[in-house]
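The values are calculated or read from the model by the stated rules, or taken from the named source; none is laboratory data. Here the structure is a predicted model, which means the values were calculated and not measured. Cβ: placed from backbone, ideal geometry, glycine included. Neighbour counts: every protein chain shown. Heavy atoms of the whole protein, side chains included, go into the accessibility calculation; ligands, DNA and RNA do not. Shrake-Rupley method; radii C 1.70, N 1.55, O 1.52, S 1.80 Å.
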Amino acid sequence: MSQAWAVHVRRARHLRGLERALRLASPIVLLLLWEWAVRAHVLDARFFPAPSSVAGAAVALAKSGELWNDLRVTLVRLFLGFLTGAIPGVALGLAMGLSRWVRAVTSPLIAALYPIPKIAVLPLIILIFGLGDSSKIVIVAIGVFFIMAINTSAGVLQIERIYLDVAKAYGIRGLAFVHRVLLPGALPSLLTGAKVSLGIALILVVAAEFLAAKDGLGYLIWNGWQTLQVEQMYVGLVIVAVLGYVVTIGLEEAERTTLPWLNR
Amino acid sequence: MDREMIVDAVSKRFEDGTTALDGVSLEFARGEFAAIVGPSGCGKTTLLRILAGLEEPTSGHVELAAGGGRRDHMAMVFQEQSIYPWMRVRENVAVGLHGLGLALAAARAKVEEQLDLVGLRAFAGAFPHQLSGGMKQRVSIARAFASERRVLLMDEPFAALDEQTKIGLHGELLRIWEHTRKTVVFITHGIEESVVLADRVYVMTGRPGRIHARVDVPFSRPRDVVALRGDPEFGRLVVHVWGLLREGMAA
Ligand SMILES: Nc1ncnc2c1ncn2[C@@H]1O[C@H](COP(=O)(O)OP(=O)(O)OP(=O)(O)O)[C@@H](O)[C@H]1O
Ligand SMILES: [Mg+2]
């Protein structure tokens, strides 16, 4: 390895490390600023309790087991809802990307249905699926479904024609074609879809838990408001934020390590 | 000599009205090495895509002595970058084995063998973005050889390579060809390259592409791709083909 190359590699590694450190540091800096602002009476502690007192409330909730239960319940709903929406969404997206006929039939429907705010359909979903887990899973699934379908079909349409020609020329068809050519070719767009839809899924599950639930992080926040326990509200809000953060960072890290060819 | 395939009065007109090929008729013998030269945009790639079964002619047809679909018998080396960025080198080569129904061990051995031939064994585990342009092209050649198909269609496969690698691969290609005796249709801009490699050189006219002339290359096999260039007959043939090409462009 030449000297110049070694320097270049070290520099590139250094920059990547810096980027990662910045990503981790920015929320921490925000929390420190907040704590300082409350103590200096810049922020009103009745509405914006200091991170330290929110942390105190979190510890209490964690000790009683309530917090873990709510977190687990929400995560399960999120996960099941995501899968229930993403699997048919990706399948429809693949079909749309491959066939102009499927596109002709489905794209006006998607264009009409996609912009309806999912929260506005929530009462209807609750009416149909009741107050249990299934109404939350369904509302998450609906939100995820559209985003995954749209992103997958866009991803397939972006695959360069030469890659489809190679598959044709060497007789790669059927399932092998889907999993060796279509899915990896559409993967960048698919991952973007997964990131966006997980964010939306989190919003939807919390909103659904506001309206009709006896547990979950949304319930924790709503209950905090109803009983005027502002710290408890913040515990819920912060956990939702952390969840969003962990999911996004987790997906990006997974992408970096398992799909090296994406980081050209 | 046994006949491999017949191209009978093939014309191609694209949807936008471009006529790329106009009545091309050719005959390829089994095990023959044919080269096609012609000006840029004259329809060489279009012709090869039709032979490969990736495109249908507007009129005329292609007939195979072996029968069956064109796609089952043709292995194509594409002009542009065509290996999958999401597969490692060895998986890309294994694409050529698709449908051969080899057992895993046999498939692995075959991939190793092809990678050895193109000098990329050390890069079996690399991803395409870690390779140079020439190395990617060699992966795509290995993929075509791995497929064990009767006819090898090569669309300017060495155009992106430096002169040294190119001459090295000429030797390799001929060596492999001599012991497999596949039928090869080799498209190139390089007149010298066509004379070094082929038994027959077809010269095409400018667009719409037609066959302007056919030149038989008399050199015996096996050929020494370097020594051959010193042969006075070689120089004479190159000039001859060059003249035909100019004539065809004016036609
Ligand atoms: N899908 C297509 N639709 C419309 N026109 C096309 C299409 N493909 C090729 N052409 C046109 O057909 C003509 C022949 O193209 P082709 O790619 O076969 O040329 P070529 O001889 O391979 O050129 P080069 O030596 O530069 O590779 C060109 O004018 C090109 O613009
Ligand atoms: Mg071409």
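Tabulated data for the structure shown
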| quantity | calculated |
| --- | --- |
| Flag if B:Leu102 is surrounded by 15 or more Cβ atoms within 10 Å (Cβ to Cβ), within 22 Å of B:Leu173 (Cβ to Cβ), assigned by TED's automatic domain parsing to the domain that holds B:Met135 and away from ligand 2 (no atom under 14 Å from the Cβ) | no |
| Test result for A:Ile221, open to solvent by less than 30 Å² (accessible area, probe 1.4 Å), β-branched (Val, Ile, Thr) and within 14 Å of chain B (Cβ to nearest Cβ) | no |
| Counted residues, the range B:3-39 - those being under 16 Å from the mean Cα position of the chain (by Cα), open to solvent by 30 Å² or more (accessible area, probe 1.4 Å) and under 17 Å from B:Ile211 (Cα atoms) | 1 |
| Single condition B:Ala106 does not satisfy, out of (1) in a helix (DSSP H, G or I); (2) within 11 Å of chain A (Cβ to nearest Cβ) | (2) |
| Residues of the range B:20-56 classified as away from ligand 2 (no atom under 16 Å from the Cβ) and of a type in the set (S, T, N, Q), total | 1 |
| Residue match in the range A:187-199 (condition: open to solvent by 10 Å² or more (accessible area, probe 1.4 Å), within 11 Å of chain B (Cβ to nearest Cβ) and farther than 30 Å from A:Thr74 by Cα) | no |
| Residue within the range B:183-194 that is more than 16 Å from ligand 1 (Cβ to nearest atom) and of a type outside the set (S, T, N, Q) present | yes |
| For B:Ala122: the one exception among (1) among the hydrophobic types (A, V, I, L, M, F, W, C); (2) surrounded by 14 or more Cβ atoms within 10 Å (Cβ to Cβ); (3) more than 9 Å from every other protein chain (Cβ to nearest Cβ) | (2) |
| Residue match in the range A:153-175 (condition: open to solvent by less than 20 Å² (accessible area, probe 1.4 Å) and over 20 Å from B:Ser82 (Cα atoms)) | yes |
| Within the range A:25-54, tally of residues that are exposed (fewer than 12 other Cβ atoms within 10 Å of the Cβ) and of a type in the set (Lys, Arg) | 1 |
| Answer from B:Val111, B:Val95 - the residue that is over 17 Å from the mean Cα position of the chain (by Cα), closer than 24 Å to B:Ala122 by Cβ and at the interface with chain A (Cβ under 8 Å from one of its Cβ atoms) | B:Val95 |
| The listed residue being within 15 Å of ligand 1 (Cβ to nearest atom) and on the phi < 0 side of the Ramachandran plot, out of B:Ala65, B:Ala35 | B:Ala35 |
| Elements of type strands (runs of 3 or more DSSP E) in the range B:134-251, at least 1 residues being surrounded by 21 or more Cβ atoms within 10 Å (Cβ to Cβ) and assigned by TED's automatic domain parsing to the domain that holds B:Glu32 | B:151-155, B:183-188, B:200-204 |
| Boolean, B:Leu21 is within 11 Å of ligand 1 (Cβ to nearest atom) and assigned to a strand (DSSP E or B) | yes |
| The range B:171-190 - residue that is under 24 Å from B:Trp242 (Cα atoms) and more than 16 Å from ligand 2 (Cβ to nearest atom) and, of those, nearest to the other protein chains (Cβ to nearest Cβ) | B:Val184 |
| Options B:Met74, B:Met135: the member that is away from chain A (no Cβ under 14 Å) and away from ligand 2 (no atom under 16 Å from the Cβ) | B:Met135 |
| Condition broken by B:Pro85, with the remaining ones in (1) in contact (Cβ under 8 Å) with a residue 60 or more places away in the chain; (2) within 14 Å of chain A (Cβ to nearest Cβ) satisfied | (1) |
| Yes/no for B:Gly60 being part of a loop (DSSP other than H, G, I, E, B) and farther than 19 Å from A:Gly185 by Cβ | no |
